[in-house]
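Here's the structure we're looking at; comments come further down.
The values are calculated or read from the model by the stated rules, or taken from the named source; none is laboratory data. Computed from a prediction, not measured in an experiment: that's the story for all the values here. With ideal geometry, Cβ positions are generated from the backbone for all residues, glycine too; neighbour counts draw on all protein chains shown. Areas reflect the complete protein model, heavy atoms only, side chains present, ligands, DNA and RNA absent. Shrake-Rupley method; radii C 1.70, N 1.55, O 1.52, S 1.80 Å.
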Amino acid sequence: MSTVFRLAVMGDLPELLRLEEQCFSTDRLSRRSFRWMIEGANGRLLVARCGEELAGYAVVLFHRSSSVARLYSLAIADRARGKGLGRGLLERVEACARERKCADLRLEVRVDNPVAIALYERNGYRPFGLIPAFYQDNVDALRMNKTL
């Protein structure tokens with residue numbers, strides 16, 4: 001079954017919320033946040049669909065006066081992991097950032113998430129800092145950057 005990557009639409013909202021609940025125990029995006037990202041944020045919410053199922057999403061945000069984009073969130077459904085969807089979403093997010101003339105793409109990732117850290121490192125992201133107690137449950141965040 002082929003994967004389709006596209007911009008999110010309001011019809012994706014119920015599946016986005018289910019995926020958010022499956023992937024994150026804290027710091028979850030709300031219905032309101034997803035609606036804002038679909039309708040009006042200065043960024044892009046991309047989804048990966050495998051057949052009729054939402055298999056993943058990525059959110060990239062832009063700042064009007066900055067050449068640095070931020071990967072705000074990336075989630076892959078359990079059943080879809082290991083199939084290259086994370087890499088596919090990253091490639092598309094990076095393309096969006098390049099279209100906006102961004103020089104760098106930055107992100108924060110939980111220090112206790114080695115799978116995500118490895119994904120980012122395999123795709124050219126490098127650590128450059130640590131934010132103590134960044135997440136709601138006081139876990140530190142590793143800051144990573146990729147020069148585009």
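In debye to the nearest 20, how big a dipole does the chain give about its Cα centre with +1 on each Lys and Arg Cβ and -1 on each Asp and Glu Cβ? Let's see the in-between values first.
Values: 24 positive and 18 negative charges, 101 e Å.
In debye, rounded to 20, the chain gives about 480.
State, in angstrom, two size descriptors of the range 62-146 derived from its alpha carbons: Rg to one decimal place and Dmax to the nearest whole number.
13.1, 39
Give me the percent relative contact order of the range 1-140, please, defined on Cα pairs under 8 angstrom at least 6 residues apart.
Numbers: 201 pairs, mean separation 27.8, N = 140.
This gives 20 percent for the range 1-140.
So what's the Cα pair-distance distribution over the range 1-45, bin width 5 Å, in %?
Percent of Cα pairs in each bin: 5, 21, 28, 25, 16, 5, 1.
Please state, rounded to one decimal and in Å, the Kirkwood hydrodynamic radius that the range 28-94 gives when every pair of distinct Cα atoms enters the mean of 1/r. Please report the intermediate quantities before stating the final value.
Numbers: mean 1/r = 0.0792 Å⁻¹.
That comes to 12.6 Å for the range 28-94.
Tell me the mean residue ellipticity at 222 nm calculated for the chain from its helices only (DSSP H runs of n ≥ 4, each -39500 (n - 2.57), averaged over every residue, nearest 500).
Working: 4 runs with 44 residues, N = 148.
Helices in the chain give a 222 nm mean residue ellipticity of -9000 deg cm²/dmol.
How much area per residue is accessible in the chain when the probe is 1.4 Å and only protein heavy atoms are counted (Å²)? Spell out each step's value before the answer.
Values: 8100 Å² over 148 residues.
Accessible area per residue, the chain: 55 Å².
Please compute the length gained on full extension between R35 and D140, using 0.36 nm multiplied by the number of residues separating them and subtracting their Cα-Cα distance. Let's see the in-between values first.
Values: separation 105, 0.36 × 105 = 37.80 nm, distance 2.78 nm.
Gain in length upon complete extension: 35.0 nm.
Say the dipole of the range 7-71 comes from +1 at the beta carbon of Lys and Arg and -1 at that of Asp and Glu; which of L45, H63, P14 then lies farthest toward its positive end?
It is H63.
Given a 1.4 Å probe and every protein chain left where it sits, what share in percent of the accessible area of the chain is carbon and sulfur?
48 percent
Would you rank L85, L74, L148 by solvent-accessible area, highest first, keeping every protein chain in place and using a 1.4 Å probe? Before the final figure, lay out each step's value.
Numbers: L85 5, L74 30, L148 55 Å².
Ranked list, largest accessible area first: L148, L74, L85.
Given the chain, report the % of alpha carbon pairs whose separation exceeds 29 Å.
On the way: 1048 of 10878 pairs.
Within the chain, distances greater than 29 Å cover 10 percent of Cα pairs.
Using only the heavy atoms of the protein chains and a 1.4 Å probe, how would F34, F5, F134 rank by accessible area, largest first?
On the way: F34 0, F5 55, F134 80 Å².
The ranking, largest first, comes out as F134, F5, F34.
Describe numerically, in nm with one decimal, the distance between label points set 7 Å from Cα along Cα→Cβ at A133 and at A103.
Those two pseudo-labels are separated by 3.4 nm.
Could you calculate the contour length gain from E91 to F5, that is, 0.36 nm times the residue separation minus the distance between their Cα atoms, to one decimal place in nm?
Computed gain between E91 and F5 is 29.9 nm.
Using a Gaussian network model of the chain with C-alpha springs under 10 Å, which one of E53, E20, E94 is most mobile by mean-square fluctuation?
E53
Please list, by residue number, everything in the range 128-148 whose backbone N is under 18 Å from a paramagnetic label point 7 Å out along Cα→Cβ of F24.
131-144
What's the whole-number percent of alpha carbon pairs in the range 82-122 lying beyond 13 angstrom?
Numbers: 488 of 820 pairs.
Value for the range 82-122: 60 percent of Cα pairs lie more than 13 Å apart.
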